[in-house]
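The values are calculated or read from the model by the stated rules, or taken from the named source; none is laboratory data. Computed from a predicted structure; not experimentally measured. Heads up, the Cβs are rebuilt from the backbone with ideal geometry, glycines too, and the neighbour counts pull from every protein chain shown.
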Amino acid sequence: MPSHRLAHSRSSAAPLAWIWVGLIVYASLHPFSGWRWMALGSATQVLQLLWLPTPHSSRFDLWSNFLGYLPLGLLISIAAQRNGRTATSALVRALTAGVILSLLMELLQHLLPMRAPSRIDWALNSAGTAVGALAAAGMSRLGWLVAWQSLRDRWLVPHGAAGLLLLLSWPVGLLFPPPLPFAQGQILLRLAQWLDELLADTAFQGWGLWPDAQGRLAPGLELLTIALGLLAPCLVGYVMTRRLWQRLVLLVGALLIGLSATTLSTALNFGPEHALTWVTPVLQPAIWVALVLGSVLALLPHRLVAALGLVALTSLIALVNQIGTDPYFAQSLQGWEQGRFIRFHGLAQWVGWFWPLGALAFLTARSIAPPTGDGPRGSSSPQWR
């Protein structure tokens, strides 16, 4: 079967690969504290350092090492093919990058007392990279990558790589338990704390404005927060999609993916038998509000959607940062920060914290970009230039 070559063009695979590298580095070196330099007095000790040990690893750790690097091999290989390289050359490039990155991360873990370098982890990371790169080569040979590029061109307006990255990363942020369903962006309090620490022992100590985290919101505000959190990815997608029916598909897809990601997060924390304990009485009316508002917004032109999206996301951030902690939320965080999810603590937490800020920046750029169409119609294709 002949291979299908991808046209040389800008791809979201390259920035996604770099973002994935950053997440791997964070997950591998978290919590970034207690750095120590090992005393190396002989060549034998150096060789022992380079020849990684083989500590006992749980089945969960083994699978997470393999699966964590699989997307890296896939993304690097796809990005290389989009830059004009053959599938074989892209496979070699992806495998080399994954093997070197994994080895570097394992060696650096020698310097962290809370991390345990492992030769087995290195092998599984490399195997995951290889499987991902092979999957990309197979997809290219079957013509799937060309088909995806064609589908993306039909669905999305040009220069939408940043928006696509936001849409793909949204469910990742939901895996870190938010204070309310879909309520991402609880970052203002953390920024204020970091600022306070930075200004400690200076004349500006205590000048930081702390958000008023008042515990639970009123039921009406909880409903609004959940609805805005669900609408957030839809608003990003609405300024990228070409037709009305695509926006409606995006709305339903965001609902299903959001429900699935939140259920998965709860199941991982408390067990499959408690997977739906996060569902509250206010959730159902909030979903209906989001569906109604999303259907109305789907009729509006791109520029107006972007402007309303700025208002919605700003309101979401303001509301989320007024929510204090409760025992259920604290237990969820403890499971992530101290339990088996320590490897993924930063991977999902930072996405959940900063995702609304990234969406705000994207919608700001879209709102000031010159429009060339009125909005989605049944057969037209308005574009942003």
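Below, the figures for the structure above:
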item: Residue within the stretch 119-127 that is surrounded by 15 or more Cβ atoms within 10 Å (Cβ to Cβ), within 26 Å of Phe362 (Cβ to Cβ) and either basic (Lys, Arg) or not assigned by TED's automatic domain parsing to the domain that holds Gln246 (or both) present; result: no
item: In the stretch 126-182, residue modelled with the lowest pLDDT [restricted to those that are more than 27 Å from Ile226 (Cα to Cα) and outside any helix (DSSP H, G or I)]; result: His159
item: Qualifying position, being in contact (Cβ under 8 Å) with a residue 60 or more places away in the chain, surrounded by fewer than 18 Cβ atoms within 10 Å (Cβ to Cβ) and either closer than 29 Å to Ala161 by Cβ or in contact with a Phe, Trp or Tyr (Cβ under 7 Å, 6 or more places away or on another chain) (or both), among Ser265, Ser260; result: Ser260
item: Verdict on Trp144 being outside the structural domain of Tyr238 (by TED's automatic domain parsing), free of Cβ contacts under 8 Å to residues at least 60 places away in the same chain, under 22 Å from the mean Cα position of the chain (by Cα) and more than 25 Å from Ala348 (Cβ to Cβ); result: no
item: Some residue of the stretch 211-224 being in the same structural domain as Leu363 (by TED's automatic domain parsing), surrounded by 22 or more Cβ atoms within 10 Å (Cβ to Cβ), at pLDDT below 90 and assigned to a helix (DSSP H, G or I); result: no
item: Filter pass, Thr88 being surrounded by fewer than 19 Cβ atoms within 10 Å (Cβ to Cβ), free of Cβ contacts under 8 Å to residues at least 40 places away in the same chain and more than 30 Å from Arg243 (Cα to Cα); result: no
item: Subset of the stretch 281-303 (residues that are of a type outside the set (Ser, Thr, Tyr), in contact (Cβ under 8 Å) with a residue 24 or more places away in the chain and in a helix (DSSP H, G or I)); result: Leu283, Pro285, Ala286, Ile287, Val289, Ala290, Leu291, Leu293, Gly294, Leu297, His302, Arg303
item: Flag if Gly309 is modelled with pLDDT of 85 or more and not aliphatic (A, V, I, L, M); result: yes
